[in-house]
Each structure stands twice: as structure tokens, then as C-alpha cells.
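Asker: Let me begin by handing over the structure; questions about it come next.
Any read-out appearing in this document is the output of simple, stated calculations on the displayed coordinates, not a laboratory observation. Please read all numbers here as calculations on a predicted model, not as lab measurements. Every residue, glycine as well, gets a Cβ built from its backbone with ideal geometry; the counts of neighbours run over all protein chains shown.
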Amino acid sequence: MQLEDIMSESKIIFKRRRGVRRLILKVNPLTLAIELTLPWWVTYAEGRSFVLKNKDWIENKLNDYTQKANHKKNQQFILGQPYRINHLDNSQKTYKAKLDKENGVIYVISPLELGLEGVTQSIRMLQKEILYEFVLSTNHYWEEKMSIHPELSLYVKYMKSQWGNCRPRLKKITLSTELCAFNHEVIEYVWVHELAHIRFANHGKEFKALLDKVMPDWRVRSAQLKTQY
């Protein structure tokens, strides 16, 4: 995709935020819009000029995201298994996804005009359901094995740079919807990893000793997170 196409379609979103001291340029992977955050003293004309100066970087991002979008429109991994995506139109503008394990299909129900964004939102809702169900089915076992008995709050949401995180003081663990692409063993590792943070905030010797005790193969499971689905 060429930058001129984006410029002609006015898919440049300018933002102004307090405290911003430099130009921040991003490409939205879902909408393919160019997003530029401006300091208050930079004009929109200067912003457009900055976009043009970064033409090569933007076009590389656009091409990369377009290729990934085409792939995601057709296939999605769930619990380590590939599923073909069948996108069905929904005029009511609601999102839903149904997993057909027998036929290896995910039926995505969302407005067709939303394209990849509709598919993504529908699948993330499905991923949340699957992760909640999995954690609830295994959590008691791991809490007993690790002698950890907090009244935890579990959240599942899309996170770009983390598989999970733990806030011990709030007794809150958050998992990324992207984790749902992996098999049960990997998801289980991430959950145990975050549970261990309830007792040990960092990744020091005590933290690793606990993982070695309750999940001897945790390093093997952790290495699988580098797999790109």
C-alpha cells in the first residue's frame, strides 16, 4: 500500500495531548490509519510534512500490517490449533465468534464493512471466554500446589507487549487475549508465572526456585512463547 493512497483518503489522524513534547508517529494495525500526536506548538501543515518525511517507514509498516491482516482474515490459532475463519455479516452491528472444533472453523459474526476490525473484536471476545474458562478450571489445583490462597481478580484483555502481568497488592492478574493462540501447557505456565508474583515481586532466585518446584519444565514452556502464530 502506497502512502499517497492514504494521504488522498485523508486517513491521517492528528491528536494533541497535554505534556507531549515531540511528534509521535504510529500506524494503526487494524484501520491502517496514520496517527500523529502533535505538541501544541506544531501546526497541522508541519505535521503533514513530518509524515511525508517518514514515507519509507510508513509504507513498510502499511505493507507489513496489510500482509498480516490478509493472513488473519483467513486463519486464527486457538489453543495451539489453526482454525479457518468464516466471516458472516451481522447488520445489527454486534460482535460474536463461535468455535467449531469438529470442522476447524471459527464463525465470526460482525458487520462486513468493518473488515479486519470486526473480525478482530469478535475473536478477542471468544479468546476472553476461553481463557477465563481455562483458568477457572485449573486455578484451584495450582493455588493448592503453590500454597497461594489469595482472593484473586482475573482480567483478560488485549495487550501488545505482555502475555500477562500481576499486581500483588491488588491481588489482580491480567492475561493477554493473544495468549489464547498457544496450547494449554503454555497458558498454564503464564498463569503459574503470574501466581508466583503474588509471593515474589521480581524474577530472583526465590521466584525461579518456586517455579522449579511446582513446574520443572517451565523453561521449555516459556520458550514456546517465542513462536509466532
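Asker: Which whole-number percentage describes the relative contact order of the chain, with Cα contacts under 8 Å and a sequence gap of 6 or more?
Answerer: The normalised contact order for the chain reaches 13 percent.
Asker: Taking 26 Å as the cut-off for C-alpha to C-alpha distance, list the pairs among 157/205; 26/226; 93/172; 157/213 that go past it.
Answerer: In this structure, 157/205; 93/172; 157/213 lie more than 26 Å apart at Cα.
Asker: Now a separate question. Give the calculated FRET efficiency between residue 169 and residue 220 to the nearest 0.05, with a Förster radius of 30 Å applied to their Cβ-Cβ distance.
Answerer: Values: r = 31 Å, r/R0 = 1.04.
FRET efficiency, residue 169 to residue 220: 0.45.
Asker: I need the trypsin sites (Lys or Arg not before Pro) found in the stretch 21-119, filtered to DSSP loop residues with at most 14 other beta carbons within 10 Å of theirs.
Answerer: Of the trypsin sites (Lys or Arg not before Pro), the ones in loops of the stretch 21-119 whose Cβ has at most 14 other Cβ atoms within 10 Å are 21, 22, 93, 101.
Asker: Which helices count as membrane-span-like in the chain under these terms: full DSSP H, at least 24 Å along the axis by C-alpha, Kyte-Doolittle mean of -1.0 or more?
Answerer: On the way: long enough: 55-74 (29 Å, -2.17); 115-146 (45 Å, -0.36).
Membrane-span-like by this rule: 115-146.
Asker: Let me ask something else. Using the Cα atoms of the chain, I'd like the radius of gyration and the largest Cα-Cα distance, Dmax, both in angstrom.
Answerer: Every Cα atom of the chain included, Rg and Dmax give 21.2, 61 Å.
Asker: Could you compute the net charge surrounding residue 38? Neighbours are other residues with a C-beta less than 10 Å from the C-beta of residue 38; K and R count +1, D and E count -1.
Answerer: Within the 10 Å Cβ shell, the charges total +3.
Asker: How about the stretch 64-153: which GluC sites (Glu not before Pro) there are in a DSSP loop, with at most 16 other Cβ atoms within 10 Å of their Cβ?
Answerer: Listed in order of number, the matching sites are 102, 151.
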